[in-house]
Amino acid sequence: MRSQYCGQVTEELIGQEVTICGWVHRRRDHGGVIFLDMRDREGIAQVVFDPDTEESFAAADRVRSEYVLQIKGLVRGRPEGTINENMTTGKIEILGKELVVLNSAETPPFPLDEFVDVGEDTRLKYRFMDLRRPEMLNKLMFRSKVTNYIRNYMDGNGFMDVETPILTRATPEGARDYLVPSRTQPGNFFALPQSPQLFKQLLMVSGVDRYYQIAKCFRDEDLRADRQPEFTQVDVEASYMSEEEIMANMEGMVGSMFKDLLDVDLGEFPKMPYSEAMSKYGSDKPDLRISLEIVDVADLMESIEFKVFAGPAKDPKGRVAALKVDGGAELSRKQIDEYTKFVGIYGAKGLAWIKVNEIEKGVEGLQSPIVKFLGEEVAMQIMDRLGVKNGDIVFFGADKEKVVNEALGALRCKVGEDLNMFTTEWAPLWVVDFPMFEELDDGGLTAIHHPFTAPSCSPAELRDAPEKALSRAYDMVLNGTELGGGSIRIHDGEMQSIVFDILGIDAEEQQEKFGFLLDALKFGCPPHGGLAFGLDRLVMLMTGASSIREVIAFPKTQSATDVLTKAPGEVDKKQLRELSIKLNLPEPQKEESN
Ligand code: ASP
């Protein structure tokens, strides 16, 4: 139906006849001449109709925004002074000869030819229109380039694309499962995969050697953070590769993709132990674009009278730390109050601070509500350790270690952003040497990565002191976002059982839930490892989008619903009967459905 995309009609075609198809982006009537900006996936072309071509002029006069047209016309150079250097088609216009209306359109729910701040619910309800906007289509096109790049890279490195089941058993990745009731086995449920983890490991036992898949994964978790119940992972697994080899391979992929698609040189990714990330940045995904660092000061506070600091300083699970912000003494009382509220989100009970006005005057030169509680000597020791200068502010966190890390870690990024303290545009790194386990509130242990991650110690050492064991896991972090994570896996049945034991999964449950894995480990399982990237996050960062919803064609809302198709929806009684399901809804909903 067309000879060119609208966006591809350039000056090389001057003098030629073209046929384009697309939407009316904008229509302008310039006293006897009608201009139609025609839009398709590739861009916009300007078409001019003059009254000489009577029939098509009359048709052009009737069309409205978003009508679908086919236009045949002659490409000519734009008159002097009307050239638009910012458009690929800005040097030409098409003199319209024939116009066919392929479809009309109602007035769109929001204009597509200009930026209007439309509520997200409206955008999602009319997603098919929202995606028609060039900035949205461009993101989808970019996403397609990324997946294509990844496939080529993986193929080029000997990785095989293998599909794994969607209807499966629960794989523990730490979230709630989406369940699908079985009709043929009443009372039993499939779980949608939280990741293809166990299947990819089984593929290593099978000899696939190098696997990848661009896989949909499902996690029914709290959507507060920018998460989606279904999301896409670039899932990778390889046999006989060490963690260094896997990291180098994946760094190669991400690095060359940034270079080729964005012309960004990420350089070599530094490796940082988890313990350093937590102590300096309060986070296992530090944003290294901001140079601010958290510094421990507990040892200086242990013997002071002031309990707010001395308590956590003496508590083995506590932490007392300081964050020096260069030039931060300018912050107003109001801003500091806002930061105090901000750290409250992470459970901090307050935010102590010291402004450094004239350090040469000693404590006299410090302005702070807390210096008097610290005493002169301790206050100056802290200033000394932090290497403060006039004009700085120092914030403090004193609480359980977790609270201090989260609060000061988040404050570090917030202040860094507010005061524009970025030192670079891109800051990638690997975080390594994670602990195997973390303690739950009930005193039990849970796997930091997942229960199939290999420890870096022997089975005996693991059994003796699981809380001290480190794992062979690694996370790739970019600009404070975890892009991907993985590990070398346990390929030995005994070690796997020890980990299950530590996690409180007894022998019977091990057999019931993971019998197939333990079996597979008995039949010659090669050493293997892998990782998975969050594709949505990766594309979000690469396109500068504000949320992963912006790079997913049909995302769910924060309450995990699809407002376009109205999913999830009710099902009829017959379907429920077939599945042997009786609803037991909470009261208010019961009334509604009656
Ligand atoms: N299955 C892991 C995840 O989804 C990734 C991996 O260990 O390969 O986070």
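The values are calculated or read from the model by the stated rules, or taken from the named source; none is laboratory data. The shown structure was predicted, so the numbers you read here are calculated from the model rather than taken from an experiment. Neighbour counts are summed over all protein chains in view; Cβ atoms, including those assigned to glycine, are modelled from backbone coordinates with ideal geometry. What goes into the accessible areas is simple: the full protein's heavy atoms, side chains included, and nothing from ligands, DNA or RNA. Shrake-Rupley method; radii C 1.70, N 1.55, O 1.52, S 1.80 Å.
Structural remarks
- Matching residues in the stretch 454-480 - criterion: being open to solvent by 10 Å² or more (accessible area, probe 1.4 Å) and either within 10 Å of the ligand (Cβ to nearest atom) or within 17 Å of Met278 (Cβ to Cβ) (or both): Glu467, Lys468, Leu470, Asp475, Gly480
For every residue, the table says whether it meets (1) farther than 30 Å from Ala248 by Cβ; (2) modelled with pLDDT of 95 or more; (3) touching a Leu at 6+ places or on another chain (Cβ under 6 Å).
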position	(1), (2), (3)
Asp265	no, yes, no
Pro270	no, yes, yes
Tyr274	no, yes, no
Lys324	yes, yes, yes
Phe342	yes, yes, no
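- Residue within the stretch 149-158 that is open to solvent by less than 30 Å² (accessible area, probe 1.4 Å) and closer than 25 Å to Ala553 by Cβ present: yes
A quick yes/no check of all residues on (1) more than 13 Å from Met247 (Cα to Cα); (2) out of contact with any His (no Cβ under 7 Å at 6 or more places or on another chain); (3) in contact (Cβ under 8 Å) with a residue 12 or more places away in the chain:
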| position | (1), (2), (3) |
| --- | --- |
| Ala427 | yes, yes, yes |
| Phe434 | yes, no, yes |
| Leu445 | yes, yes, yes |
| Ala454 | yes, yes, yes |
| Ala460 | yes, yes, no |
| Ala469 | yes, yes, yes |
| Arg472 | no, yes, yes |
| Thr481 | yes, yes, yes |
| Ile488 | no, yes, yes |
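- Qualifying residue in the stretch 124-133 (condition: touching a strand residue (DSSP E or B) at 6+ places or on another chain (Cβ under 7 Å), open to solvent by 70 Å² or more (accessible area, probe 1.4 Å) and at pLDDT 95 or above): no
- Helices (runs of 4 or more DSSP H) completely within the stretch 313-403 that count 2 or more residues being within 20 Å of Leu292 (Cβ to Cβ) and open to solvent by 40 Å² or more (accessible area, probe 1.4 Å): 333-344, 376-386
- Counting only residues that are assigned to a strand (DSSP E or B), farther than 18 Å from Lys400 by Cβ and not β-branched (Val, Ile, Thr), the stretch 427-457 holds 5 of them.
- Taken together, the residues in the stretch 272-281 that are surrounded by fewer than 19 Cβ atoms within 10 Å (Cβ to Cβ) and either under 20 Å from the mean Cα position of the chain (by Cα) or among the basic types (Lys, Arg) (or both) amount to 0.
- Taking the criterion of being assigned to a helix (DSSP H, G or I) and more than 16 Å from the ligand (Cβ to nearest atom), the residues of the stretch 536-545 that qualify are Val539, Met540, Leu541, Met542, Thr543.
Residues checked against (1) open to solvent by less than 40 Å² (accessible area, probe 1.4 Å); (2) in contact (Cβ under 8 Å) with a residue 24 or more places away in the chain; (3) more than 28 Å from Tyr149 (Cα to Cα):
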| position | (1), (2), (3) |
| --- | --- |
| Glu245 | no, no, no |
| Ala248 | no, no, no |
| Val254 | yes, yes, no |
| Leu262 | no, yes, no |
| Asp265 | no, no, no |
| Pro270 | no, yes, no |
| Ser283 | yes, yes, yes |
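- Where Gly534 falls short, out of the listed (1) open to solvent by 30 Å² or more (accessible area, probe 1.4 Å); (2) within 33 Å of the chain's Cα centre (by Cα): (1)
- Considering the conditions (1) open to solvent by less than 50 Å² (accessible area, probe 1.4 Å); (2) within 18 Å of Val551 (Cβ to Cβ), Asn138 is excluded by exactly one of them, (1).
- Residue check for Gln185: surrounded by 21 or more Cβ atoms within 10 Å (Cβ to Cβ) and either out of contact with any strand residue (DSSP E or B) (no Cβ under 6 Å at 6 or more places or on another chain) or touching a residue at least 60 places away in the same chain (Cβ under 8 Å) (or both): no
- Hits in the stretch 126-144 - residues which are in a loop (DSSP other than H, G, I, E, B) and charged (D, E, K, R): Arg132, Arg133
- Restricting attention to the stretch 213-243, the residues that are open to solvent by 20 Å² or more (accessible area, probe 1.4 Å), touching a Pro at 6+ places or on another chain (Cβ under 7 Å) and of a type in the set (Ser, Thr, Tyr) total 1.
- Identity of the residue in the stretch 482-502, more than 16 Å from the ligand (Cβ to nearest atom) and within 21 Å of Leu440 (Cβ to Cβ), that ends up most open to solvent (accessible area, probe 1.4 Å): Asp501
- Every test in (1) in contact (Cβ under 8 Å) with a residue 60 or more places away in the chain; (2) open to solvent by less than 10 Å² (accessible area, probe 1.4 Å); (3) of a type in the set (A, V, I, L, M, F, W, C) is passed by Phe422 save one, and that test is (2).
- Evaluation of Ile548 against (1) more than 30 Å from Lys145 (Cβ to Cβ); (2) open to solvent by less than 10 Å² (accessible area, probe 1.4 Å) (one fails), failing number: (1)
- Residue tally, condition surrounded by fewer than 16 Cβ atoms within 10 Å (Cβ to Cβ) and free of Cβ contacts under 8 Å to residues at least 60 places away in the same chain, over the stretch 6-38: 8
- The stretch 285-312, subset open to solvent by 40 Å² or more (accessible area, probe 1.4 Å) and in a helix (DSSP H, G or I), residue farthest from His449 (Cα to Cα): Lys307
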